[in-house]
Amino acid sequence: MGGAAVGAATGAIIGAIAGNAGKGAGIGAATGLLAGGMRAHTQEEQRAAQQELANKFKRGMAVCLEARGYATK
C-alpha cells in the first residue's frame, strides 16, 4: 500500500476521532506522499554512493594488477 493511502487512512481515523475525517485524510495523504518521496530519495543516494565505492574499488584493483604485470582489459 502506498504512503499516501496509508497516510490517508490513518489521517481519516485520527480526523474522525477529532471530528473531521476528510481534513484528517487529506493531511495524512500529503504527509504520506512527502515521507515516501524522502525515503525514495535517500535510497537513491545510497545506491549512488555504493556504486561510486564499487567503481573506486574496481579502478584500484585494476591499477594494482596492472602494476604487477597483469592485463585487466
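Residue by residue, here is whether (1) in a helix (DSSP H, G or I); (2) closer than 30 Å to Lys73 by Cβ; (3) more than 17 Å from the chain's Cα centre (by Cα); (4) at pLDDT 70 or above holds:
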{"position": "Gly22", "(1), (2), (3), (4)": "yes, no, yes, yes"}
{"position": "Ala25", "(1), (2), (3), (4)": "yes, no, yes, yes"}
{"position": "Gly32", "(1), (2), (3), (4)": "yes, no, no, yes"}
{"position": "Arg39", "(1), (2), (3), (4)": "yes, no, no, yes"}
{"position": "Thr42", "(1), (2), (3), (4)": "yes, no, no, yes"}
{"position": "Glu45", "(1), (2), (3), (4)": "yes, no, no, yes"}
{"position": "Leu53", "(1), (2), (3), (4)": "yes, yes, yes, yes"}
{"position": "Lys58", "(1), (2), (3), (4)": "yes, yes, yes, yes"}
(request) Among the residues of the range 29-73, write down those that are hydroxyl-bearing (Ser, Thr, Tyr) and touching a helix residue (DSSP H, G or I) at 6+ places or on another chain (Cβ under 7 Å). (result) Thr31, Thr72
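The values are calculated or read from the model by the stated rules, or taken from the named source; none is laboratory data. As the structure is a computational prediction, the values presented were derived from the model and not from experiment. Counting neighbours? That spans all protein chains shown, and the Cβs are built from the backbone with ideal geometry, glycine included.
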